[in-house]
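Take a look at the structure set out below.
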Amino acid sequence: MLGEAVFHDDGHLHDLIAGRHANAVLNQVEFERGAEVLRSAPPMLRITISRTCNIANEVACAYCSWDWAKRMETDSPDQTPDFLMRLGRFFDDALAINDCSYGEPPLEKQFGRTVEMATEGGRVFEFTSNGQTLSAKNRAKLVGRPARVYVSVDAATSAGYKRYRDHRFDLIVENLTALAAEKGGRGVLPELIVSFIIMASNVAEIEPFVELMASVGVDRLCFRSLYLEDRMDVRRINHYGYKFDYDRECLNFAQLREIGPRCREAARRAGVDVTVEWDDFAVNNMPNAAGEPLCGEPWKTAYLLNRGLMPCCYGRDPIVKWSEINTENLASGIEAALNSTPMRDLRRDLASGRLGRYCEATTGCPIVRSLAAKGAQRATVGVELEPAE
């Protein structure tokens, strides 16, 4: 693969890009060796820049663990542009930055500045939006930038959308259509990706959803799933007249594996690229060669979230809390946290080809679910688990 070649005479930019490359090479070596302590900075940085959401200000989405997330964020630092600069090499050397907010990033006053900083030197910035805040002003901050904009929709109609979120479905379609046109169509920056969380109540909408998003002109579709260990305070609610039962909406792994080919076929017919998360995450993160660790996340990605330092995107509890991190000297505090005893233990387990205690408890992880579905033997504290039915 050959990317775009851009010529320049900016010494700072040259040093920045060269530093990122050297760090990524070192990180790959450390991953392949299964190093417990990292000298490199994880090349993938995950942050949370927003604490507020326009939907949750009224009624939170039916499946959103909003109250739990807000409790977890108590006393955590605000991840402003100044905070990001204080991360030092953990920000500078990142090849990609992804916002993982329980919130709506375009609502932040410094959203434009964050986008500029995160995309410096051609670096990719990813964030998720409900699409309602992608106004003309916010779209202008993104056009031409190396960004990936994920918009969660989960339905093919206004009535279907209201079951989970609210009544603004038409506004979202309007904003998506405008952004697709303003950026110049498919394959032009920013990359526009629309997500669909598969649930029992929306399986029938897969094909109509794909057709609608293809007509809008999105670059990619991403199919995701609910998982049972979520931290919902209330699991059965009446959401705008729809009786939403979280547990009944969750599909098991076998059902998802059956639905995956259907999602891919619908996207193929519509001519849109697609990601099926429960299949693709495991494929992309499990070993590519003999001797590689079982998962690359604790080496390759730093999850510095408002909820604490997590070892992966499916983690629910922080492996290191902010109260345990030295935020006065933030860069050294982050380095110590990433090489703390729990992180070293996790890397040692994964490098040995087994899931550690934290992973065993993270049942929403596609790797954990895939291994269980295949009846793989998994060890935690010396106990072998029975093969999954």
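The values are calculated or read from the model by the stated rules, or taken from the named source; none is laboratory data. Because the structure is predicted, anything quoted here is derived from the model rather than measured. Don't worry about glycine lacking a Cβ; one is built from the backbone with ideal geometry, like all the others, and counts go over all protein chains shown. Note: areas computed on protein heavy atoms with side chains; ligands, DNA, RNA excluded. Shrake-Rupley method; radii C 1.70, N 1.55, O 1.52, S 1.80 Å.
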Is it true that some residue in the stretch 293-308 is open to solvent by 50 Å² or more (accessible area, probe 1.4 Å) and at pLDDT 95 or above? yes
If the Cβ limit is 6 Å and pairs must be 6+ apart or interchain, which residue in the stretch 140-169 that is touching a residue at least 60 places away in the same chain (Cβ under 8 Å) and over 16 Å from residue 217 (Cα atoms) pairs with which residue that is crowded, with 21+ Cβ neighbours inside 10 Å and not β-branched (Val, Ile, Thr)? 164/62; 164/154
Mind checking whether some residue in the stretch 95-112 is of a type in the set (D, E, K, R), open to solvent by 30 Å² or more (accessible area, probe 1.4 Å) and in contact with an Asp or Glu (Cβ under 9 Å, 6 or more places away or on another chain)? no
Any residue that is under 16 Å from the mean Cα position of the chain (by Cα), surrounded by fewer than 22 Cβ atoms within 10 Å (Cβ to Cβ) and under 21 Å from residue 100 (Cα atoms) - is there at least one of those in the stretch 285-292? yes
Answer with yes or no whether residue 16 is open to solvent by less than 30 Å² (accessible area, probe 1.4 Å) and in contact with a helix residue (DSSP H, G or I) (Cβ under 6 Å, 6 or more places away or on another chain). yes
Inside the stretch 95-119, can you point out the residues that are under 19 Å from residue 305 (Cβ atoms), over 18 Å from the mean Cα position of the chain (by Cα) and part of a loop (DSSP other than H, G, I, E, B)? 108, 110
Any hit, the stretch 79-89, residues being part of a loop (DSSP other than H, G, I, E, B), crowded, with 16+ Cβ neighbours inside 10 Å, more than 19 Å from the chain's Cα centre (by Cα) and without any contact (Cβ under 8 Å) to a residue 60 or more places away in the chain: no
All-but-one check, residue 58 against (1) modelled with pLDDT under 95; (2) surrounded by 20 or more Cβ atoms within 10 Å (Cβ to Cβ); (3) of a type outside the set (S, T, N, Q), failing number (2)
Take the residues in the stretch 20-43 that are in a loop (DSSP other than H, G, I, E, B) and in contact with a Leu (Cβ under 8 Å, 6 or more places away or on another chain); name whichever of them is farthest from residue 90 (Cα to Cα). 34
Pick from the stretch 3-19 the residues that are in a helix (DSSP H, G or I) and over 17 Å from residue 43 (Cβ atoms): which of them is farthest from the chain's Cα centre (by Cα)? 11
Verdict on residue 356 being of a type outside the set (A, V, I, L, M), open to solvent by less than 20 Å² (accessible area, probe 1.4 Å) and modelled with pLDDT under 90: yes
Check whether at least one residue in the stretch 254-268 is open to solvent by less than 70 Å² (accessible area, probe 1.4 Å) and in a loop (DSSP other than H, G, I, E, B), and report yes or no. no
